[in-house]
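What follows is calculated from the coordinates using simple rules that are stated; it is not laboratory data. Please read all numbers here as calculations on a predicted model, not as lab measurements. Counting neighbours? That spans all protein chains shown, and the Cβs are built from the backbone with ideal geometry, glycine included.
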Amino acid sequence: MGLWEWLRGKKTEAPSPALSLHKGLEKSRRTFWERLRDFFGSRAGLEAADQESLEELLLSADVGPTATQTLLQALEASLRTTPLGPNETLLDRLKVLLIRLLEVPFEPPEGQPYVILFVGVNGVGKTTTVARLAYRLKTEGKKVLLGAADTFRAAAIEQLHAWSTRLGIPLVEKGMGADPGAVTYEAIQKAIKEQYDVVLIDTAGRLHTRTPLMQELAKVYRVAGKALAGAPHEVLLVVDATTGQNALRQAEVFQAATHCTGLVLTKLDGTAKGGIAFALVAQTKLPIRFIGVGESAEDLLPFSAQDFVESLLAKN
Ligand SMILES: Nc1nc2c(ncn2[C@@H]2O[C@H](COP(=O)(O)OP(=O)(O)OP(=O)(O)O)[C@@H](O)[C@H]2O)c(=O)[nH]1
Ligand SMILES: [Mg+2]
């Protein structure tokens, strides 16, 4: 039980294995967030000097200028209206604000089959995310179909083909150079006819600076809607957490090309910062749907703002 209901908005609590999350965020926790915790864990008020240190800490953890300013202003406003209670530290208050920043409401639209399109620049983890999600949903008894709309390289189709065989999940593919829109159309048609629950469509990684490729993606998006009204129900922008602030520019361009509905933040295990999560949400106003905290199947987690912040700021 769990992931499917969560994905479809039937259950609000994300079934994320605490251990993977905790282990995956270890680098970030031990580098930047530990300093923040130690610094503000004992503070009972916000001095001007504290404000500067807080700003510096957030910026150095990749939180980015916009989200940092939002947080500082929110903290100040919150302290003005409600001073810290006797057992409350500045860290407690900050935690609440950090969680609030990441909590973007999302109500999945109705859709049968439920179609999810995965987009993003090269090598961020789209295909592995598709495979891991497919695996998890299959183990929950869902009928899952994969669409290989990354027709750019033969190796990409082979990669998804190998996953399809290994997981025993059918794949719609058309060979290298085929129109990714046609693959998408066919996959959705098949899913309608054969009553699949969910279709996961993998697309080719593309640099956000390459306009023709971004136009191609916009076409894939439109074709999905022609195959099934309302599809794709989700467009997940996959972002590599180790990219740093360039991720913000990527998000901007992908959002302009397709109607992204959410984010997948991968490779959080590989960064010592982790703050890009706040920067991305503050800019895109999109919810983070999944995070990747390692390379195994269990390391793709449905995102919970509360668990994420608690883990970043946990004591050990
Ligand atoms: N450490 C770690 N590695 C990850 C994570 N997610 C994906 N990877 C690795 O990232 C590499 C690239 O993943 P792919 O899924 O092939 O990326 P992609 O976006 O499909 O790449 P293109 O199709 O070339 O654009 C693989 O080696 C994955 O195992 C994660 O959360 N943590
Ligand atoms: Mg790929």
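In region 16-121, the inverse of the mean reciprocal separation of distinct Cα atoms equals 16.1 Å; this is its Kirkwood hydrodynamic radius.
Go ahead and estimate [θ] at 222 nm for the chain from helices alone: -39,500 (n - 2.57) per DSSP H run with n ≥ 4, summed, over the residue count, rounded to 500.
Calculated at 222 nm, the ellipticity per residue is -14500 deg cm²/dmol.
Taking the longest Cα principal axis of the chain as reference, the axis of helix 211-227 is set at about 70 degrees.
Based on the convex hull around the alpha carbon atoms, region 92-239 presents an average projected area of 10.2 nm². Estimate the FRET efficiency between Glu158 and Gln306 by the formula 1/(1 + (r/R0)^6), using the beta-carbon distance for r and 51 Å for R0, to the nearest 0.05. Computed FRET efficiency for Glu158 and Gln306 comes out at 0.80.
Toward the positive end of the charge dipole of the chain, with +1 on the Cβ of Lys and Arg and -1 on the Cβ of Asp and Glu, the farthest Cα among Pro180, Gly125, Phe39 is that of Pro180.
Set the Förster distance to 35 Å, then compute FRET efficiency between Ala314 and Asn122 from the Cβ-Cβ distance, nearest 0.05.
Between Ala314 and Asn122 the formula returns 0.55.
For the chain, the dipole from Cβ point charges (+1 on Lys and Arg, -1 on Asp and Glu) about the Cα centre works out to 640 debye, to the nearest 20.
Give a quick list of GluC sites (Glu not before Pro) in region 36-125 that DSSP marks as loop, anything other than H, G, I, E or B, with at most 10 other Cβ atoms within 10 Å. Within region 36-125, the qualifying GluC sites (Glu not before Pro) (loop, at most 10 other Cβ atoms within 10 Å) are Glu47, Glu110.
For the chain, the convex hull drawn through the C-alpha positions has a volume of 124 cubic angstrom per residue. Per-residue extension of 0.36 nm, minus the Cα-Cα distance of Glu110 and Asp50, leaves a gain of 16.9 nm for this segment. Taking each pair of different alpha-carbon atoms in region 172-223 once, compute 1/r for the pair, average those values, and report the inverse of that mean as the Kirkwood hydrodynamic radius in Å to one decimal. Evaluated on region 172-223, it is 11.9 Å. Loop-located chymotrypsin sites (Phe, Trp or Tyr not before Pro) in region 1-109 (DSSP state other than H, G, I, E, B) with a sparse environment of at most 15 neighbouring Cβ atoms within 10 Å: Phe106. Angle between the Cα long axis of helix 126-139 and the longest principal axis of the chain, 0 to 90 degrees, nearest 10? On a 0 to 90 degree scale, this one is about 80.
What the Cα atoms of region 195-310 give is an Rg and a Dmax of 14.7, 43 Å.
The orientation-averaged projection of the convex hull spanning the C-alpha atoms of region 157-252 amounts to 7.2 square nanometres.
How many lysine pairs in region 172-316, separated by 8 or more positions in sequence or lying on different chains, have Cα atoms less than 18 Å apart?
On the way: Lys174/Lys190; Lys174/Lys219; Lys190/Lys226; Lys193/Lys226; Lys273/Lys315.
Close lysine pairs under the 18 Å cut-off: 5.
Binning the alpha carbon pair distances of region 240-293 at 5 angstrom intervals from zero yields the distribution 4, 22, 34, 26, 11, 3, 0, expressed in whole percent. With q set to 0.11 Å⁻¹, the log10 of I(q)/I(0) for region 80-157, from the Debye formula over equal scatterers at the Cα positions, is -0.57.
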